[in-house]
Amino acid sequence: MAPRKIIIDTDPGQDDAVAILLALASPDEIDLLGITAVAGNVPLPLTQKNARIVCELAGKPETKVFAGCDAPLSRTLMTAEHVHGKTGLDGPPMVEPTMPLQDQHGVDFIIETLRSEPSGTVTICPIGPMTNIATALERAPDIVPRIQEIVLMGGAYFEVGNVTPAAEFNIYVDPEAAKIVFDSGAPLTVMPLDVTHKALTTKTRIDAFRALNTKVGDAVAAWTDFFERFDMEKYGSEGAPLHDPCTVAYLIKPELFQGRHINVEIETSSELTRGMTVADWWRVTDRPANAMFMKDIDATGFYDLLAERLARF
Ligand code: RIB
Ligand code: CA
């Protein structure tokens, strides 16, 4: 089967970095057409730089990296240095990237790619606030029916929020953008905290990365060591959720995940519940299903896949 053509829209972030590495390590399943950076965990100048750092770490400096939107559609940017560190990739020492940033704006790249590739053959993987995606859909509504699938990390239902009691970070930062995406009619597959919080970075799993004895293995181990301290302290868990790689892992091995096709709406008007993904898991409304909302993961299989693929670098 031909590899899936994808665009990763990202705000690196240690977990974003692992998602990008997983994609770059899997050319038989993934044809990474480009990476579009967005403001999120850290401001855009850092997220676009971090995306290039990760591509160079993977030995893939030819990867096309684009800068997208530097702020949410209508709200003030909220970042997460307290989780990801000042650089967004705190943990291991990192070198300045030398590979170029593309001149084209990330939103224009998304629109141009969807219009030029055969309809229904491009998947978009948003793993940060969805400002770039929403801007593209608003500017070029004709691309919506051309999207094969949007596989995103964001939202929460049973797990509730991680940035407020009601909302997960990616949705909270730009709820208007998330609403545009969830209302678009494009096929959606959602990796919410309900599933990512079942994919914890335990010591054994991090040791498996370190045991690779490679630059990539060492970097991923150092990133997860740094990244997990915040969640372990907050949740008292034995590790941190490795959120973003769940999207790419789904594209490679969908059987690792289980969920339901349900209606999911985004709260944008109430400040108390801003960014809540109102998931009709029990189908108590007659609102039409618009998203495959994941709830369970084979965590062992997920980490086995990660270790096996990262060993390829
Ligand atoms: O809430 C988790 C999400 O927010 C992840 O994508 C993480 O990278 C941050 O962007
Ligand atoms: Ca992210």
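Accessible surface area normalised per residue over region 179-278 is 39 Å², counting heavy atoms of protein chains with a 1.4 Å rolling probe.
Close amide H contacts of A291 (hydrogens built in the peptide plane, cut-off under 5 Å, sequence separation of 5 or more or a different chain): I262, V264.
Taking only the alpha-carbon positions of region 1-97 and ignoring solvent, what does the Debye formula give for the base-10 log of I(q)/I(0) at q = 0.17, 0.25 Å⁻¹? The computed values of log10 I(q)/I(0) come out as -0.70, -1.30.
Say a site is exposed when it is one of the trypsin sites (Lys or Arg not before Pro), sits in a DSSP loop, and has at most 16 other Cβ atoms within 10 Å; what is then the longest site-free stretch of the chain? The answer is 87-282. Post the alpha-carbon centroid distance, region 231-259 to region 1-25, in whole angstrom. Each part reduced to its Cα centre gives a spacing of 14 Å.
Between R4 and I30, D31, the built amide H atoms are under 5 Å apart, and every one of these is 5 or more places off in sequence or on another chain. Placing one equal scatterer on every Cα of region 122-272 and applying the Debye formula, the log10 ratio I(q)/I(0) at q = 0.15, 0.17, 0.21 Å⁻¹ is -0.85, -1.03, -1.35.
Would you please state which residues of region 35-79 a label at K215 would reach in this model, taking the label point 7 Å out along Cα→Cβ and a backbone N cut-off of under 13 Å? Counting backbone N atoms under 13 Å from the label point, the list is 53-62. With only the Cα atoms considered, region 220-313 has a convex hull volume of 150 Å³ per residue.
For region 59-68, 3J(HN,Hα) computed residue by residue from phi via the Karplus equation (6.51, -1.76, 1.60; θ = phi - 60°) reads x, 10, x, 7, 4, 7, 10, 10, 8, x Hz, glycine and proline entered as x. Heavy atoms of the protein chains alone define the surface here; on that basis region 41-114 has 45 Å² accessible area per residue at 1.4 Å probe size.
What base-10 log of the normalised intensity I(q)/I(0) is obtained for region 53-179 from the Debye formula, alpha carbons as equal point scatterers, at q = 0.10 Å⁻¹? Results for region 53-179 at q = 0.10 Å⁻¹ read -0.39.
Counting only residues at least eight positions apart within a chain, or on another chain, the lysines with an alpha carbon under 27 Å from that of K60 are K5, K49, K86, K215, K253. Surface composition of region 17-173: carbon and sulfur atoms hold 53% of the protein heavy-atom accessible area at a 1.4 Å probe.
Restricting region 228-299 to GluC sites (Glu not before Pro) that sit in a DSSP loop and have at most 16 other Cβ atoms within 10 Å of their own Cβ leaves E238, E271. Computed from the Kirkwood radius of its Cα pairs, the Stokes-Einstein diffusion coefficient for the chain at 20 °C and 1.002 mPa s stands at 113 µm²/s. If you take every DSSP beta bridge whose two residues both sit in the chain, what share of them, in percent to the nearest 5, is antiparallel? Close to 30 percent. Under 5 Å between amide hydrogens, which residues at least 5 positions from I147 or on another chain qualify, with H placed 1.01 Å from N in the peptide plane? Amide H to amide H, under 5 Å and 5 or more residues apart or across chains, I147 pairs with G120.
The values are calculated or read from the model by the stated rules, or taken from the named source; none is laboratory data. Predicted, not measured: the structure shown is a model, and the values here were computed from it. Positions of Cβ are backbone-derived with ideal geometry, glycine not excepted, and every protein chain shown enters the neighbour counts. The accessibility values were calculated without ligands, DNA or RNA, using every heavy atom of the protein model including side chains. Shrake-Rupley method; radii C 1.70, N 1.55, O 1.52, S 1.80 Å.
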